[in-house]
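*Asks:* This structure is in structure tokens; I'll ask about it shortly.
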Amino acid sequence: MTDYLNLNFQNRFIGLGPEFYQAKAPDPVTDPYLVDFSPLAGQLIDLPPEAGGNKNFIDRFSGNNLMEGAEPLAMAYSGHQFGSYNPRLGDGRGLLLGEVQNQNQEIWDIHLKGAGPTRFARGFDGRATLNSSIREHLASEALNGLGIPTTRSLAVIGIRELIYRQKPELAAILVRIADSHIRFGSFEFFHYTGQEKNVRRLLEFSIQNYYQDIIEESDRYRIFFQRTVQCTAKLIAKWQAVGFIHGVMNTDNMCITGTTFDYGPYGFMDRFAPDHTPNHSDTHGRYAYNQQPEIGFWNLNKLAETLVTLIGAENLEEEMKQYQPLFNRFYREEIGKKLGLAILDSEFTQLVQRMFQLLHEHQFDYTNFFRFLADHPANGNNGELKSWLSQYLALAQREGISHEERKAQMDSINPKFILRNHLLQTALDKALKESDFSEIVRLRILLEDPFQDRPEVFEKYGIDSEHYAQDTPETFLCRQTSCSA
């Protein structure tokens, strides 16, 4: 393992020049303390499991004592927020420290969220709340446990500072690890300010650093956009299949590598309500669960508009035509896996359509429905589902595998545990009211492998499996969160 005091930083982005960022050191913080550290995220940059408890780690990742080679900068970008263009965005409270190459030659961005105001801060304090930092920390590690591409959270570091949102709140810094921090909005910034030369430079940079296999291709710009369409369609198909709702799919929150990016008022589907949005500010439901695939298409169109002079309108239109078929195929495959079915024919289509009708009509818990289904027919027939279950069992039988094999396959795809509203709220309440971070640790451990019970681990951390797997209590169903953080 690499000594975490010498992470061998580089910063390729800084070579693009000052039009692309503001160079700035993190603001010092008072008496930083560790809220939680993810050893699994630490592995990405070769950190040992015990690294998070070290005072030097806390000093360096809070920004008080910069690591050798780090060149912190705030990135410039703009974006469409709730459908309207906002030219005044950028990293108002975030700093990209640089990149670290691990022993497997993978390169990861290291980013501090809440490191103090930059010139993009628009008059705000440049800090993150402890509340929002914990929320992003747990969600990013939970999505990783589900096998969904996501930024990772190395740690949450608390700082002895009150900041003001609707009320005074505790502040924190989130240490984020990502494969890229280049957003759709990064291209929009240069396009809408008439800097077409910098659109091209950013595109070349993205290809050279994230798609090296196409550097020599004459139509590499088109291939880059094609891959962005593909990975975005695949990401949103995975969100839909697992019941994850991002909540704020602005173009500045969309990453070119198809990675779940910037967690705000997110949520996981509990009782099946397809028009639910976890975002209290989203009064028209623009970013509701059932709108996410369409918003992915809309956002890709906004990225395409910035590349017209480089790729051509007709070429971009041809690539955009692939989005819906790609999403449909990826999503169909994901739902097939959830149902333990590989034959995805017209009978499968009818089965799935009726399944979603039943989920909606009876408001079943989305996650636990699939765990229940994996036990069928051992659990007997529910009267409301009897006809559909008979149809399902007939399709399962033609797959030619045993019930035990099907159950094993389904249980490896359908989580037993998700980051439910009431579980997250309990962790937040303990942290914010009692400075007790033990429930954050439990949830992180639980969600690192959300598919099965792990008796030895659960006993060590005091995890009651059935408590964490139960349906969301009535009072927490369809909860919404403010964008304010």
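A short reminder: the numbers here are calculations on the coordinates, not readings from a lab. Keep in mind it's a predicted model, so treat the numbers as computed, not measured. Note: ideal-geometry Cβ built from the backbone for every residue, glycine included; neighbour counts use all protein chains shown.
*Asks:* Determine the dipole magnitude for the chain: charges of +1 sit on the beta-carbon of Lys and Arg, -1 on that of Asp and Glu, nothing else is charged, the reference point is the Cα centre, and the result goes in debye to the nearest 20.
*Replies:* Values: 48 positive and 63 negative charges, 173 e Å.
The dipole of the chain has a size of about 840 debye.
*Asks:* Additional query: Residue 66: net charge of surrounding residues, Cβ under 14 Å, Lys/Arg +1, Asp/Glu -1, itself excluded?
*Replies:* Details: positive: 24, 60; negative: 27, 59, 68, 71.
So the environment of residue 66 carries a net charge of -2.
*Asks:* If I histogram all Cα-Cα distances within the range 249-380 using bins 10 Å wide from 0, what percent of pairs lands in each bin?
*Replies:* 10, 31, 33, 20, 5, 1, 0
*Asks:* If R₀ is 25 angstrom, what is the calculated FRET efficiency for the pair residue 59 and residue 435, using the beta carbon separation as r and rounding to 0.05? Each step should come with its number before you reach the end.
*Replies:* Numbers: r = 20 Å, r/R0 = 0.80.
Calculated transfer efficiency: 0.80.
*Asks:* How big is the range 303-397 on each of its three principal axes, counting only the C-alpha atoms and giving the largest first in Å?
*Replies:* For the range 303-397, the Cα extents along the three principal axes come out at 61, 26, 18 Å.
*Asks:* Determine the sum of side-chain charges near residue 30: Lys and Arg each +1, Asp and Glu each -1, restricted to other residues whose C-beta is under 11 angstrom from that of residue 30.
*Replies:* Result for the neighbourhood of residue 30: -2.
*Asks:* Roughly what % of Cα-Cα distances in the range 9-181 sit above 26 Å, to the whole percent?
*Replies:* Working: 3809 of 14878 pairs.
Percent of Cα pairs beyond 26 Å in the range 9-181: 26.
*Asks:* Report, ordered by chain and residue number, the lysines lying within cross-link reach of residue 386, taken as a straight Cα distance under 21 Å and ignoring same-chain residues fewer than 8 apart.
*Replies:* 338, 407
*Asks:* Also, quick follow-up: Please rank 287, 468, fewest neighbouring Cβ atoms within 10 Å first, as an exposure proxy. Mind dumping the intermediate values first?
*Replies:* Details: 287 24, 468 19.
Going from least to most buried by this count: 468, 287.
*Asks:* Take the alpha-carbon centre of the range 408-467, take the same for the range 115-175, and report the distance between them in whole Å.
*Replies:* Value for the Cα centre distance between the two parts: 20 Å.
*Asks:* Once you have the Kirkwood Rh of the chain from its Cα pairs, apply Stokes-Einstein at 4 °C and 1.567 mPa s and quote D in µm²/s.
*Replies:* Working: Rh = 23.5 Å.
Roughly 55 µm²/s, to the nearest whole number.
*Asks:* Next up: Under unit Cβ charges (Lys, Arg +1; Asp, Glu -1), what dipole magnitude, rounded to 20 debye, does the range 9-181 have relative to its Cα centre?
*Replies:* Numbers: 16 positive and 19 negative charges, 135 e Å.
Approximately 640 debye in magnitude.
*Asks:* Determine, for 213, 46, the number of other Cβ atoms within 10 Å of each Cβ, and report the residues in order from fewest to most. The partial results should precede the final answer.
*Replies:* Details: 213 9, 46 18.
Neighbour counts put them in this order, fewest first: 213, 46.
*Asks:* Could I ask something else about it? Using only alpha carbons, build the gyration tensor for the range 341-411 and give me the equivalent ellipsoid semi-axes, biggest first, whole Å. Working shown, then result.
*Replies:* On the way: eigenvalues 66, 45, 25 Å².
Computed over the range 341-411, the values are 18, 15, 11 Å.
*Asks:* With everything on Cα atoms, drop me the angle between helix 220-242 and the longest principal axis of the chain, reported from 0 to 90° to the nearest 10.
*Replies:* On a 0 to 90 degree scale, this one is about 50.
*Asks:* Kindly write out, for the range 419-434 in residue order, the coupling ³J(HN,Hα) from the Karplus curve 6.51 cos²θ - 1.76 cosθ + 1.60 (θ = phi - 60°), rounded to whole Hz, with x marking Gly and Pro.
*Replies:* 7, 6, 4, 6, 5, 5, 5, 4, 5, 5, 4, 5, 5, 7, 9, 10
*Asks:* Putting +1 on Lys and Arg Cβ atoms and -1 on Asp and Glu Cβ atoms, find which of 107, 47, 85 reaches farthest to the positive end of the dipole of the range 41-139.
*Replies:* Final value for the positive-end residue is 85.
*Asks:* Can you give the FRET efficiency for residue 393 and residue 31, using 1/(1 + (r/R0)^6), R0 = 60 Å, r = Cβ-Cβ distance, to the nearest 0.05?
*Replies:* Working: r = 60 Å, r/R0 = 1.01.
Computed FRET efficiency for residue 393 and residue 31 comes out at 0.50.
*Asks:* First select every other residue whose beta carbon is under 10 angstrom from the beta carbon of residue 248; then total the charges, Lys and Arg +1, Asp and Glu -1.
*Replies:* -2
*Asks:* For all pairs of alpha-carbon atoms in the range 398-485, what percent lies in each bin of width 10 Å, listed from the first bin to the last filled one?
*Replies:* 15, 38, 30, 12, 4, 1
*Asks:* Still on this model: Using θ = phi - 60° and the Karplus form 6.51 cos²θ - 1.76 cosθ + 1.60, what ³J(HN,Hα) does each residue of the range 350-360 get, whole Hz, x for Gly and Pro?
*Replies:* Karplus values, whole Hz, x for Gly and Pro: 4, 4, 5, 4, 5, 4, 5, 4, 5, 4, 6.
*Asks:* Sticking with this one: Measuring from a point 7 Å past the Cα of residue 372 along Cα-to-C-beta, which residues in the range 331-363 have an amide N at less than 20 Å?
*Replies:* 335-341, 351-363
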